[in-house]
Amino acid sequence: MAEQKAAKLSGKVYESELLRLQMELVKLQEWVRAEGKRLVVVFEGRDAAGKGGTIKRVTEHLNPRVARIAALPKPTERQRSQWYFQRYVEQLPAGGEIVLFDRSWYNRAGVEHVMGFCTKAEHQLFLRQCPVFERMLVEDGILLRKYWFSVSDTEQQDRFRKRLEDPLRRWKLSAMDLESITRWEAYSRAKDEMMVHTDIPEAPWYHVESDDKKRARLNMIAHLLDSVPYREVPPAVLDLPERPGPTGYVRTPRDLQTYVPDHAATL
């Protein structure tokens, strides 16, 4: 019997629940900061699976000094000669910080492996070392959460087409993304092999069905909040002081300063 498709969320319900969850994310942030915790959230999945949009909603109301996004470019020649995990280690949080990896060390298990950017030996070494690496992170006290965003081939194709036609999102589409269309099964096999080795009790993978972007965002954020034992930290009591009276300061004349043109007045 085919699985029944969930009803589509109304915009009003989505916006209301997203705001509620974002308010909880602020509480989570303040708990991380106050307790000196270290939280790492890994976002992985196929191209156009909705990772970026979810990350945007997670960080929308957070303090960028506490919660930051790590989206690393391709490695330099020097980095290629380093231990593979080294440049990712540099991005790990200190106490009181949250780091969201928009793709991560799992590049080696996915795109690098499928596209031939690493050798078979390097790929196998990664699969052996990754569980050890992640156990070390967890053992050291890092809160590690890993999310895999799943998207169907038809939905991915539709999203690629929309990006191609949208000048505001055209930059999100690369030749590498289009190559993934012809290598769908290769990526599927690579993902399955990755899961066998890295879906470990200490750092399990959580799968997010993302054909419905709005539902995926709510589901992922709600799960993250439920998985961390945070508590509300009472905010510092602040009193707005009375503005003191003038003491003779004279503002610099406006004609001595350069202002941006009033573009809004031309609308």
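Going through 199, 192 one at a time, which residue ends up being surrounded by 14 or more Cβ atoms within 10 Å (Cβ to Cβ) and free of Cβ contacts under 8 Å to residues at least 24 places away in the same chain?
Working: 192 fails: surrounded by 14 or more Cβ atoms within 10 Å (Cβ to Cβ).
Going through 199, 192 in turn, the sole match is 199.
Which condition from (1) closer than 30 Å to residue 12 by Cα; (2) small (Gly, Ala, Ser); (3) in contact with a strand residue (DSSP E or B) (Cβ under 6 Å, 6 or more places away or on another chain) is the one that residue 203 breaks?
Unmet for residue 203, out of (1) closer than 30 Å to residue 12 by Cα; (2) small (Gly, Ala, Ser); (3) in contact with a strand residue (DSSP E or B) (Cβ under 6 Å, 6 or more places away or on another chain): (1).
How about region 1-114: which helices (runs of 4 or more DSSP H) wholly inside it have at least 2 residues that are over 30 Å from residue 230 (Cβ atoms)? Break it down into steps so the answer makes sense when it comes.
On the way: elements: 11-35, 51-59, 77-80, 86-89.
Where helices (runs of 4 or more DSSP H) fall fully within region 1-114 and carry at least 2 residues being over 30 Å from residue 230 (Cβ atoms), they are 77-80.
Go through 259, 249, 230 for me and flag whichever is assigned to a loop (DSSP other than H, G, I, E, B), under 35 Å from the mean Cα position of the chain (by Cα) and over 26 Å from residue 7 (Cα atoms). First the steps, then the outcome.
Details: 259 fails: under 35 Å from the mean Cα position of the chain (by Cα); 249 fails: under 35 Å from the mean Cα position of the chain (by Cα).
Sole residue among the options that is assigned to a loop (DSSP other than H, G, I, E, B), under 35 Å from the mean Cα position of the chain (by Cα) and over 26 Å from residue 7 (Cα atoms): 230.
Step by step: first the residues of region 1-54, then only those that are polar (S, T, N, Q) and buried (at least 18 other Cβ atoms within 10 Å of the Cβ), then the one that is farthest from residue 72 (Cα to Cα). Which residue is that? Lay out the reasoning, then the answer.
Going residue by residue through region 1-54, those that are polar (S, T, N, Q) are 4, 10, 16, 22, 29, 54.
Right, trim to buried (at least 18 other Cβ atoms within 10 Å of the Cβ) and you get 29, 54.
Working: 29: 23, 54: 18 Å.
Among them, the one singled out is 29.
Quick one: which residue in 173, 178, 144 is out of contact with any Gly (no Cβ under 9 Å at 6 or more places or on another chain), more than 20 Å from residue 213 (Cβ to Cβ) and surrounded by 15 or more Cβ atoms within 10 Å (Cβ to Cβ)? First the steps, then the outcome.
Details: 173 fails: more than 20 Å from residue 213 (Cβ to Cβ); 178 fails: surrounded by 15 or more Cβ atoms within 10 Å (Cβ to Cβ).
Among 173, 178, 144, only 144 is out of contact with any Gly (no Cβ under 9 Å at 6 or more places or on another chain), more than 20 Å from residue 213 (Cβ to Cβ) and surrounded by 15 or more Cβ atoms within 10 Å (Cβ to Cβ).
Quick check on region 8-42: of everything there that is without any contact (Cβ under 8 Å) to a residue 24 or more places away in the chain and among the basic types (Lys, Arg), which residue is nearest to residue 233 (Cα to Cα)?
20
Is there a residue being at pLDDT 95 or above, touching a strand residue (DSSP E or B) at 6+ places or on another chain (Cβ under 6 Å) and among the charged types (D, E, K, R) anywhere in region 223-235?
Checked against the condition, which is being at pLDDT 95 or above, touching a strand residue (DSSP E or B) at 6+ places or on another chain (Cβ under 6 Å) and among the charged types (D, E, K, R), region 223-235 yields no hits at all.
The values are calculated or read from the model by the stated rules, or taken from the named source; none is laboratory data. Just so you know, these numbers come straight off a predicted model, no measurement behind them. Note that each Cβ is placed from the backbone with ideal geometry, even for glycine, and that neighbours are counted across all protein chains shown.
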